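Step one of this worksheet: look at the structure below.
The values are calculated or read from the model by the stated rules, or taken from the named source; none is laboratory data. The model shown is predicted, which means the values in this text are computed figures rather than measured ones. Cβ placement follows ideal geometry from the backbone for every residue including glycine, while neighbour counts extend to all protein chains displayed. These accessible areas exclude ligands, DNA and RNA; they are computed on the full protein's heavy atoms, side chains included. Shrake-Rupley method; radii C 1.70, N 1.55, O 1.52, S 1.80 Å.
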Amino acid sequence: MSVSVTSHEHFKGILRSTKVVVVDFYADWCEPCRQIAPYYEKLASSINSPNDFAFLKVDSDAHQDISKEYNVSVLPTFLLFRDGNVATKVQGANPRELKKVIESIMREMELLGAGAGSSGLGGDVWNGAAIPKGYADITSEIEVKGCELLNADEDGGAVSVLFASTKPSAIDGKGAQDWVQSGADDQLLLFLPFQSSVKLHTIQLTSLPPSDDDDAPARPEVIHLYINRPRNMDFSEADDTDPTQVITLEPSDWNENGTANINLRFVKFQKTTSLIIYVQRGHGDAESVRLDRVRLIGDAGTKREMGKLVKVGDEPGE
């Protein structure tokens with residue numbers, strides 16, 4: 001459930017101790033605030049991960065200092081904080097826009113390994129292979145809302161499942177669609193923007209196609225990498241552009257977890273703001289390729305401020 005803020009110090013303390021915080025600025029006299037309050041409470045009650053997610057309510061009349069600090073001039077206003085910084089702002093009792101905030105929260109949950117109705121993070125972050133000494137898993141540096149995957153089959157999961165910190169369901173024989181698969185042929189184009197300039201050392205790809213199906217997708221074989229592109233490429237552009245690095249994977253490169261540890265030419269990936277992973281061809285003669293997880297290993301840089309989404313509604317004249 002949501003927590004009512006009692007003081008400025010209380011508010012700041014929660015921001016410091018909690019990774020993702022959603023705040024509802026309201027007033028008792030505000031009819032739109034009362035109308036959308038049950039929707040907000042339903043969301044707060046559905047997510048139980050107190051160490052990583054908090055849902056707050058701030059009475060704007062009682063805490064004018066907090067409202068002024070965050071330029072709250074319309075009620076209700078919903079702010080989503082990540083690591084103490086405002087990531088998203090929605091003004092007005094607009095369920096559609098609040099739903100976008102909810103989707104942002106769900107993306108955060110997938111990166112942290114949490115789930116709606118869960119009692120926590122479900123254990124440590126799963127890695128399909130050992131992390132090289134001196135480096136860290138920096139998958140959380142991916143700005144998931146800016147990711148794009150081309151040629152994905154509709155039967156697979158959303159692109160965000162690739163970065164989930166949980167064990168792939170296929171390892172335990174479960175049926176959850178927490179993987180992606182190509183559609184028309186055995187190619188995929190994955191665009192990954194980062195929240196900061198990072199140093200990439202290793203890419204870990206996990207691919208777990210079923211072995212008892214003659215029409216099953218294949219694991220990636222030839223992969224082209226491109227860095228620091230402002231947007232995704234199309235397939236013809238990728239084929240006509242010299243990649244930063246080309247990788248050819250052999251069947252022996254995949255370990256017992258279905259994970260390939262791809263060592264990068266580290267000197268070329270020192271200041272990386274975006275990465276394109278182009279699966280140019282799959283193993284054998286399969287007509288499609290499959291990816292279950294993508295994990296990035298390296299060093300994270302200083303985070304830039306995330307872009308703010310501001311939507312205004314329920315104001316006079318609108």
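Residue check: is ILE297 modelled with pLDDT under 95 and either closer than 11 Å to LEU205 by Cα or part of a strand (DSSP E or B) (or both)? Criteria met by ILE297.
Based on what the data block shows, is SER73 among the small types (Gly, Ala, Ser) and either open to solvent by less than 30 Å² (accessible area, probe 1.4 Å) or assigned to a helix (DSSP H, G or I) (or both)? In short, no. Summed over the range 2-57, the residues that are assigned to a loop (DSSP other than H, G, I, E, B) and either over 25 Å from the mean Cα position of the chain (by Cα) or among the basic types (Lys, Arg) (or both) give a count of 8. The set of residues in the range 124-148 being touching a helix residue (DSSP H, G or I) at 6+ places or on another chain (Cβ under 8 Å) and assigned to a helix (DSSP H, G or I) consists of THR139, SER140, VAL144, LYS145. Is it the case, given these coordinates, that PHE81 is closer than 15 Å to ARG16 by Cβ and either in contact (Cβ under 8 Å) with a residue 24 or more places away in the chain or in contact with a Cys (Cβ under 6 Å, 6 or more places away or on another chain) (or both)? When the stated conditions are applied, PHE81 passes them.
Only one of the numbered conditions (1) buried (at least 19 other Cβ atoms within 10 Å of the Cβ); (2) acidic (Asp, Glu); (3) more than 14 Å from VAL279 (Cα to Cα) is violated by ASP186, and that is (3). Looking across VAL198, VAL180, one residue alone is of a type outside the set (Lys, Arg), open to solvent by less than 20 Å² (accessible area, probe 1.4 Å) and over 28 Å from GLN270 (Cβ atoms). It is VAL180. Within the range 116-169, restricting attention to residues that are open to solvent by less than 40 Å² (accessible area, probe 1.4 Å), touching an Asp or Glu at 6+ places or on another chain (Cβ under 8 Å) and among the aliphatic types (A, V, I, L, M), the residue that is modelled with the highest pLDDT is LEU162. Candidates ARG265, ARG281: the one that is surrounded by fewer than 22 Cβ atoms within 10 Å (Cβ to Cβ), without any contact (Cβ under 8 Å) to a residue 24 or more places away in the chain and touching a strand residue (DSSP E or B) at 6+ places or on another chain (Cβ under 7 Å) is ARG265. Determine which member of the set LYS12, LYS19 is surrounded by 15 or more Cβ atoms within 10 Å (Cβ to Cβ), of a type outside the set (S, T, N, Q) and more than 19 Å from GLY92 (Cα to Cα). Checking each option against the conditions leaves just LYS19. Taken together, the residues in the range 1-42 that are within 14 Å of LEU79 (Cβ to Cβ) and either among the aliphatic types (A, V, I, L, M) or at pLDDT 90 or above (or both) amount to 12.
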